[in-house]
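Remarks on the structure that follows.
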């Protein structure tokens, strides 16, 4: 089983654990946690989660939930949620947008509400809640490792597209309930959290992004960013094991497309299987989609279409993860 269950019995123990991880992780001179969990006055900002779940029935699910805050002339809040039933092969998605005025007294935490959707947290103790006609979930999440700061001290440069602050909590224990097909059951699992903000412009970019949680407790993030002409902007990532993070440059890994899937709805072709190698870590694996049809049509909110879904890792190492593909076109 690739999902590890790390749960304490007492809430006080969970809080103490999260504080310890945050204290140990004070390695970035530019990002201060939990202060920077809170919203910033920036052009673009998002809080992102993905996760793999096993319900009490043994059914497997996965999800992603993102809140975007976009500030230009006005401020807009957008939320995207997807939920996948692995056994049934069903992928559900929902999106919402609303004008949002951020509270001026927010400190050390974030809290976003859109109807019966809620995303809140801080210091590595978070809660997610979403309800749609097809599915609903209510999760409590607790960080089990120190945060990972990407780039140089938590800042990545995107050339002409700008720059951003960026950190992740790569292993968050999930507990809660899922409801699908009118049936509610408890579920546990493992989530990944990203928080990114800055004065940058995503429409100028296309990308391949991977978060991998391997069974040997190593966590890998890879991102390949390209400009409108398909030129490389930034190919980089991170490798984390036992609380130590190494930044990966494009010379440290290879990532090659292996198989593709074409959406019947949009005609867009997505690479849904990849060959991934990190020679210095003796990693030689295949990253494969759990459900090929994991396209997210966000034309009603963020005016784009992307692929977002669970993946499995096989080869020299095994594990699970998520993949996001943006900027791909029709054949």
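Of all residues in segment 122-143, how many are surrounded by 21 or more Cβ atoms within 10 Å (Cβ to Cβ) and either in contact with a helix residue (DSSP H, G or I) (Cβ under 7 Å, 6 or more places away or on another chain) or at pLDDT below 95 (or both)?
So the count comes out to 3.
Residues in segment 313-331 that are under 22 Å from residue 279 (Cβ atoms) and assigned to a strand (DSSP E or B) were compared, and the one that is farthest from the chain's Cα centre (by Cα) is 315. Of the strands (runs of 3 or more DSSP E) lying entirely inside segment 96-156, those containing at least 3 residues that are within 22 Å of residue 42 (Cα to Cα) are 110-114, 117-122. Only one entry in 178, 78 is touching a residue at least 60 places away in the same chain (Cβ under 8 Å), over 22 Å from residue 61 (Cβ atoms) and in a strand (DSSP E or B), namely 78.
Of the residues making up segment 36-69, those that are at pLDDT below 95 and either more than 17 Å from residue 195 (Cα to Cα) or out of contact with any strand residue (DSSP E or B) (no Cβ under 8 Å at 6 or more places or on another chain) (or both) number 0.
The values are calculated or read from the model by the stated rules, or taken from the named source; none is laboratory data. Predicted model only: the values in this text are computed from it and were never measured. All Cβ positions, glycine included, derive from the backbone under ideal geometry; neighbour counts span all protein chains shown.
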